[in-house]
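S.K.: Take a look at the following structure, please.
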C-alpha cells in the first residue's frame, strides 16, 4: 500500500486533527504515525498515512480542501515493505540541558552528522531557569547508530561539546 507523508500547519484551535482524520478516513486511508505539536500559536506536524493506490490522487485533492483550516502538503513515502532495517543498528538517546544560547542545535547536529548518524526524533524547548533567571534549553534526541559505528568516539565528541557549551549531555 502506498504511503504519504503529510506536512500540516495551521492556526492552533480545536478540531484540526479531527478534520484531517476525517479526510484520511473518507479516502480509506490508515493513519500510521504522527508527530504533532502546538508551537508559537501554530499547530504543526507530520503524519504518515497508508492509502490504497487508486485513492492517492483523490486523497491528495481532498486534503487541499482543508486550506483555510490547515495547509497540508502530501509527499510520497516509502512503502512499509521498502524500509531498510539494519539489524545491527542501535538507538542512542541524547539528553541535553543548559543555559540557552544560539547555536546549540547546530553544534549538536554537526557532531551527529560527522559521525554519519541519522536523527530519528528530536524534541527541544526552553523554560525558565529556577532561581538563576534566564532560560534553560533542553533537548531530547534519539539517533540511529549503524552497526560498526564508533560509539566511544561519539560519546567523547559529545562530552567535549558539553564542556565547550557549558551544558549537561547524557547519552544512554
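S.K.: Give the shape of the chain as rounded, prolate or oblate, defined through the alpha-carbon gyration tensor: a ≥ b ≥ c are the square roots of its eigenvalues, a/c under 1.5 means rounded, and otherwise the shape is prolate if a/b is larger than b/c and oblate if not.
M.R.: Details: a/c = 3.51, a/b = 1.52, b/c = 2.31.
Oblate, since a/c reaches 1.5 and b/c is not below a/b.
S.K.: So the label point goes 7 Å from the Cα of residue 79 along Cα→C-beta, right? Which residues of segment 48-71 then have their backbone N under 15 Å from it?
M.R.: The answer is 50-56, whose backbone nitrogens lie closer than 15 Å to the label point.
S.K.: Remind me, relative contact order of segment 90-171 in percent, using alpha carbon pairs under 8 angstrom and six or more residues apart? Numbers along the way, then the final one.
M.R.: Numbers: 129 pairs, mean separation 38.4, N = 82.
Relative contact order of segment 90-171: 47 percent.
S.K.: Test of understanding: ordering 136, 20, 70 by Cβ neighbours within 10 Å, fewest first, what list do you get? It would help to have the intermediate numbers written out before the result.
M.R.: Numbers: 136 16, 20 24, 70 20.
In order of increasing Cβ crowding within 10 Å: 136, 70, 20.
S.K.: I'd like the orientation of helix 151-165 relative to the chain: the angle between its Cα long axis and the longest Cα principal axis, in ° from 0 to 90, rounded to 10.
M.R.: 70 degrees
S.K.: Using only alpha carbon pairs under 8 Å that are at least six residues apart, calculate the relative contact order of segment 6-65 and give it in whole percent.
M.R.: Result for segment 6-65 is 40 percent.
S.K.: Related question: Using r as the Cβ-Cβ distance of residue 168 and residue 22, and R0 as 25 Å, what FRET efficiency do you calculate, to the nearest 0.05?
M.R.: Working: r = 44 Å, r/R0 = 1.76.
With a Förster radius of 25 Å, E is 0.05.
S.K.: Further, regarding this structure: Explain nothing, just the number: relative contact order of segment 14-172, from Cα pairs under 8 Å at least 6 residues apart, as a whole percent. Kindly include the intermediate steps, with their values, before the conclusion.
M.R.: Numbers: 203 pairs, mean separation 34.3, N = 159.
Value for segment 14-172: 22 percent.
Bear in mind that the values in this text are calculations on the coordinates, not laboratory data. All values reported here derive from a predicted model rather than from experimental measurement. Neighbour counts run over all protein chains shown; Cβ positions are idealised from the backbone, glycine included.
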